[in-house]
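J.: Before I ask anything, let me first share the structure, which is written out below as structure tokens.
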Amino acid sequence: MPDKIGSLRVVEGEFGLVLRRIRRVMDERARGLHPDLSAPSYWIMAALNERGPTRAADLVETFGLDKGAVSRYVAHLVSLEFIVKERDPQDGRAQLLNLTDLGRQRLEAVVAKGRSDVATKFAGWSEVDLHTFATLLQRYNATADRSSVPSSRRS
């Protein structure tokens, strides 16, 4: 039976590989939207697709990006007509970002291709193995989410 420390080292190394792969895939998806885009632009569009109209400040917090960087990404996405700025009905001084129809169409095409690519990568896996992997990833993420909450906020 492998020891826990050795297994944790393997997990750490494999996560590093997965992160590098994900970074590359996100850049590819961004370039699938437009050749001049990078991963953060894709993340912003995906978040708007998932959440609907969102303030830029919320994207700054979600992605841990600099406010100026988000502003530049947003300006570029607006110039490409992938997103629009709208007045926040709750606070007329604030703006909400939202996908345009063009942005949504481009994003859906890139996401569909990405899902197809993932399905191809897992084609050789059994349903049981894939389900086990999905369950373990969900378990890891739930554990990671709980451990990232400051101790003063835990109940």
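J.: How about the range 102-126: which of its residues are surrounded by 12 or more Cβ atoms within 10 Å (Cβ to Cβ) and among the aliphatic types (A, V, I, L, M)?
T.: 102, 107, 109, 110, 111
J.: Which residue out of 84, 128, 78 is closer than 15 Å to residue 44 by Cα, modelled with pLDDT of 95 or more and in a helix (DSSP H, G or I)?
T.: Residue meeting the stated conditions: 78.
J.: Another question about this same structure. Mind checking which helices (runs of 4 or more DSSP H) fall wholly inside the range 1-72 and carry at least 2 residues that are among the aliphatic types (A, V, I, L, M) and over 15 Å from the mean Cα position of the chain (by Cα)?
T.: Of the helices (runs of 4 or more DSSP H) lying wholly inside the range 1-72, those with at least 2 residues that are among the aliphatic types (A, V, I, L, M) and over 15 Å from the mean Cα position of the chain (by Cα) span 4-33, 56-63.
J.: Shifting gears a bit: Quickly run through the range 107-121 and pick out the residues that are among the small types (Gly, Ala, Ser) and either touching a residue at least 40 places away in the same chain (Cβ under 8 Å) or at positive phi (or both).
T.: Selection gives 109, 114.
J.: Moving on to the next point. Filter the range 85-118 down to the residues that are under 30 Å from residue 21 (Cα atoms) and among the small types (Gly, Ala, Ser) and list them by number.
T.: Within the range 85-118, 103, 109, 112, 114, 116 qualify.
J.: Touching a Ser or Thr at 6+ places or on another chain (Cβ under 8 Å) and either under 25 Å from residue 67 (Cβ atoms) or hydrophobic (A, V, I, L, M, F, W, C) (or both), is that true of residue 36?
T.: Spelling it out, it is not the case that residue 36 is touching a Ser or Thr at 6+ places or on another chain (Cβ under 8 Å) and either under 25 Å from residue 67 (Cβ atoms) or hydrophobic (A, V, I, L, M, F, W, C) (or both).
J.: Out of all the residues in the range 75-106, which are without any contact (Cβ under 8 Å) to a residue 24 or more places away in the chain and either on the phi > 0 side of the Ramachandran plot or touching a Ser or Thr at 6+ places or on another chain (Cβ under 6 Å) (or both)?
T.: Within the range 75-106, 81, 84 qualify.
The values are calculated or read from the model by the stated rules, or taken from the named source; none is laboratory data. These numbers come from a predicted model, not from an experiment. Neighbour counts are summed over all protein chains in view; Cβ atoms, including those assigned to glycine, are modelled from backbone coordinates with ideal geometry.
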